[in-house]
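To keep things clear, I will list the structure first and then write my remarks on it.
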Amino acid sequence: MDIAHLRDFIAVVDSGSLTRAAAGLYVSQPALSQRIAQLEAELGVRLLERGPRGVTPTAAGRALYRDAQQLVRQFDRIAGDVLNGDHIHGPVAVGLPTTVSVRLAPALYSWTKANHPGIHLQLFESMSGYIQELLTLGRLDLAVLYRDDDAVRPAETLLYSEDLFLIGQPKPPAAEADEIGLVDLQNTPLVVPGGRSNLRALIDRAFAAQGLVPSIVADVDSLGAMIRIAAGGEACTILPLSSVADQANHRDLGVRRIRNPVISRSVAVCTAVEYYPARDAVAAVREGISVVTRQMAAAGEWPGIRPA
């Protein structure tokens, strides 16, 4: 087994097809099939399940895929590390949930460009559940993830905590302009992210703890779509304040802090591995995420957050 075998295997898993992977690698499909068969024979396990619709990794294949991602990326950095000496440089892949990316991505890009121009940022924006999956698979160096508490965990740095708000105009109208009780939302139609989202899990648990069931009328895995639906008046959504603070009509849209109980969450930046120190470029970007978060909070540029 060598690095070329690992690259081939990653390409096959990513594409879900030997034919598509072969085209991307500029080799024939039989040649690629033979390479994968050699890899399986050397390891003594089946790595792929082959079917009429393509290939999927077995349990052993998923384990190899996760570790291979890290090995290949580390191998690719070796030559650059030697050539660049003491300068901090290289690619750093960062996963950001959509509600975080709105604020953090532009500021982090500017900070990195100013302080470490040799670092090449790779920013991935998606729903929180998918970001967690990418980090687990070794596709990311860093990920900003939501937590239910502010407990200290290995390979994590707490960034901030925030409360959740009802966005939209509930029917019947809310008694207060700035707050609303959770019990008053049990019959309010809501659009929220699907089951893989931390936000959805947090909402479900908050309602369940009060013996309530939220009236979820649609799963919407798009921040912009949730806000537009709420603006339309047919349903509301639940989001942090920073998601809508820049909306020109956010007062008319309706922004009410949920209380009794307040729904809060903590946010942390997490590294891909717990067992050894992050390389210099990853450590630098992790520091940058903490720095710009504090700076924006102090300047009032990230409404609703409480820095750690």
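The values are calculated or read from the model by the stated rules, or taken from the named source; none is laboratory data. Just so it is clear, the model here is predicted, and its values are computed rather than measured. Cβ sites come from the backbone with ideal geometry, for glycine too, and all protein chains shown count toward neighbours. In case anyone asks, the SASA skips ligands and DNA or RNA and just uses the protein heavy atoms, side chains included. Shrake-Rupley method; radii C 1.70, N 1.55, O 1.52, S 1.80 Å.
Assuming R0 = 30 Å, can you tell me the calculated FRET efficiency for the pair Lys113 and Asp76, based on Cβ-Cβ distance, to the nearest 0.05? Step by step, r from the Cβ atoms, then E = 0.85.
Along region 42-50 the Karplus relation, 6.51 cos²θ - 1.76 cosθ + 1.60 evaluated at θ = phi - 60°, assigns HN-Hα couplings of 5, 7, x, 9, 7, 9, 10, 9, 9 Hz to successive residues, with x for each Gly and Pro.
Rolling a 1.4 angstrom probe over region 131-214 with all protein chains present gives an accessible area of which 52% lies on carbon and sulfur atoms. Annotation: for a label point projected 7 angstrom from Cα along Cα→Cβ of Gln169, residues of region 209-246 with backbone N closer than 16 Å are 228-237. For Ser28 and Glu176, the FRET efficiency from 1/(1 + (r/R0)^6), where r spans their Cβ atoms and R0 equals 51 Å, is about 0.15. Contact order, relative form, for the chain: 21 percent (alpha carbon pairs under 8 Å, 6 or more residues apart, mean separation divided by residue count).
Backbone phi angles across region 124-129, fed through the Karplus curve with coefficients 6.51, -1.76 and 1.60 (θ = phi - 60°), yield HN-Hα couplings of 10, 10, 6, 6, 4, x Hz in residue order; Gly and Pro are listed as x. With r as the distance between the Cβ atoms of Asp148 and Ile3 and R0 = 30 Å, compute the FRET efficiency 1/(1 + (r/R0)^6) and round to 0.05. Working from the Cβ atoms, E equals 0.15. Only DSSP H runs of four or more residues enter the estimate; each adds -39500 (n - 2.57), and after division by the residues of the chain the mean residue ellipticity at 222 nm equals -14000 deg cm²/dmol. Using a probe of 1.4 angstrom and keeping all protein chains present, the accessible surface of the chain works out to 49 square angstrom per residue. For region 138-148, backbone phi angles converted through the Karplus equation (6.51, -1.76, 1.60; θ = phi - 60°) give residue-by-residue couplings of x, 7, 10, 8, 9, 8, 8, 10, 8, 9, 7 Hz, Gly and Pro being listed as x. Share of region 1-121's accessible area from carbon and sulfur, percent, 1.4 Å? On region 1-121, the fraction of accessible area on carbon and sulfur atoms equals 57 percent. Could you list log10 I(q)/I(0) for the chain at q = 0.06, 0.07, 0.15 Å⁻¹, which the Debye formula gives when each Cα is one point scatterer? Debye intensities relative to I(0), on a log10 scale: -0.26, -0.36, -1.15.
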